[in-house]
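Taken together, the values in this text are just the output of simple stated rules run on the coordinates, not laboratory data. This structure is a prediction, so every number in the text was calculated from the model and none was measured. A quick note on method: Cβ atoms are made from the backbone with ideal geometry, for glycine too, and the neighbour counts reach across all protein chains shown.
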Amino acid sequence: MQHIGFYLFLALEKFLMFLPKKIRHAFFDLLGDFAYHVSKRYGRVVAQNLRFVFKDNITHEQIEEFKRYSFRQMMINFLHTMESRYYTPDAITQNITFENLEVVKKAQEGKRAIIFVTAHYGAWELAGRALSYKIEPILIIYKKMKNKYFENYLLSSREKWKMSYAERHGATRAMMKTLKKGGAMAILIDTNVNKNEAVEVEFLGHKISQIKTTAYFARKYNAALIPALIHENNDGSYTIKFDDEIIPPKSDDEAKDIQVSMQMQTDWLSQEIFKEPKPWFWLHRRFKEDYPEIYKRN
């Protein structure tokens, strides 16, 4: 049955790609609005996250605004995946600019491996593709899907963007190989993580368990930790902003250095989210490992 649903989806995709771009984007905005109205479960997750982070400093009207935006954002990210299968990389990236690119060029000139520290923020699917195609080919880590047809669909949509990928179970070898030869990878540091594989840091005002992958590999291979997020401009174009390289301490206490490194990375992301919170993916149950009680139904 999986293949029947997938082929029906491909037929719908082909129809949508015949539509003018503005109409297609408007249709996906409507899909986001539809999800906002019908998906009470995930709408509740947005509200739970926002109240956990902002407590009483956010109004009901603001929460509803964030909900609608989050569902639209999810649909637009999927639209970017779809369009990347039909348009050339040059056509898609023509409205994307890069800010503070000198940070990346400095690492490249020094022939250092690069770990782009990023998050589910804004048009992150578009950001990964543009970064890999225009700046530095990247390795990405993905989570295996139950539906192999859609998994192959998503992976194949990334191939012409100079991206390579590895499934997260057993991805260590691919990451080591990439960094050893001075390559680059992009890691989303805002995903939920098992406590047994994490360090404790403060994120958005709360102590949480955080992945330590970026800190560990940056230390092991002297890779440059370069934060990057994509921002949408008022005219519909995008800017990928690189922040200055994060340079953590390197002492004889490896465990402490890794914890400090992850805190530095998380401080950067917290600051960016507090500065402009709406584009972060509030639909994700980021805090469920450490604070499962906040996701209980009221």
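Hey, fewest Cβ within 10 Å first, where do Y142, Y153 land in order?
Y142, Y153
Report, in debye and to the nearest 20, how large the dipole of the range 179-298 comes out about its Cα centre when Lys and Arg carry +1 and Asp and Glu carry -1 on their Cβ.
Numbers: 17 positive and 19 negative charges, 93 e Å.
Dipole size: approximately 440 debye.
Which FRET efficiency, nearest 0.05, do S164 and K22 yield, Cβ-Cβ r, R0 35 Å?
Values: r = 34 Å, r/R0 = 0.96.
Plugging the Cβ-Cβ distance into 1/(1 + (r/R0)^6) gives 0.55.
Quickly estimate the mean residue ellipticity at 222 nm for the chain, helices only: each DSSP H run with n ≥ 4 gives -39500 (n - 2.57), and the total goes over all residues, rounded to 500. Please report the intermediate quantities before stating the final value.
Values: 11 runs with 144 residues, N = 298.
The helix-only estimate for the chain comes to -15500 deg cm²/dmol at 222 nm.
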What is the local net charge at K162, summed over the other residues whose Cβ is closer than 12 Å to its Cβ (Lys, Arg +1; Asp, Glu -1)? +2
Fewest Cβ neighbours within 10 Å first, please rank V117, V201 accordingly. V201, V117
Distance (nanometres) between label positions extended 7 Å along Cα→Cβ at R51 and V38: 2.6
Could you list which residues have their amide H under 5 Å from that of K250, counting only those 5 or more apart in sequence or on another chain, with H placed in the peptide plane? none
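Note down the Stokes-Einstein diffusion coefficient of the chain in µm²/s, whole number, using a Kirkwood radius over alpha carbon pairs, 4 °C, and 1.567 mPa s.
64
Report, in listed order, any pair from K105/K160; K162/K288; K134/K212; K134/K275; K67/K162 with a Cα-Cα distance greater than 30 Å. Walk me through the numbers before you get to the answer.
Details: K105/K160 23 Å; K162/K288 34 Å; K134/K212 28 Å; K134/K275 27 Å; K67/K162 34 Å.
Flagged as over cut-off: K162/K288; K67/K162.
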Cβ under 15 Å from T88's Cβ, T88 left aside: what net charge do those residues give with Lys, Arg +1 and Asp, Glu -1? +4
Nearest 20 debye, what's the magnitude of the dipole of the chain about its Cα centre given +1 on Lys and Arg Cβ and -1 on Asp and Glu Cβ? 1120
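Between S251 and M176, what length in nm is gained on full extension when 0.36 nm per residue of separation is reduced by their alpha carbon distance?
Working: separation 75, 0.36 × 75 = 27.00 nm, distance 2.19 nm.
Here the answer is 24.8 nm.
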Counting only DSSP beta bridges fully inside the chain, the antiparallel percentage to nearest 5 is 40
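Please give the length that would be gained between L101 and K148 if that part of the chain were fully extended, namely 0.36 nm times their separation in residues minus their C-alpha to C-alpha distance (nm, one decimal).
So the chain would gain 13.2 nm between L101 and K148.
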Relative contact order (percent) for the range 2-295, with alpha-carbon contacts under 8 angstrom and 6 or more residues of separation? 24
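If I take R0 = 45 Å and measure r between the Cβ atoms of Y7 and E109 in this structure, what FRET efficiency does the formula 1/(1 + (r/R0)^6) give, to the nearest 0.05?
Numbers: r = 48 Å, r/R0 = 1.06.
Once the sixth-power term is evaluated, E becomes 0.40.
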Can you list which of the DSSP-assigned H helices in the chain have a Cα extent of 15 Å or more along the long axis and an average Kyte-Doolittle score of at least 0.5? 2-18
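Listing T118, T266, T81 from the residue with the fewest other Cβ atoms within 10 Å to the one with the most, what is the order?
Values: T118 23, T266 20, T81 16.
Result, fewest neighbours first: T81, T266, T118.
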Using the charge dipole of the chain (Lys, Arg: +1 at Cβ; Asp, Glu: -1 at Cβ; taken about the Cα centre), state which of N222, F274, P89 has its Cα farthest towards the positive end. P89
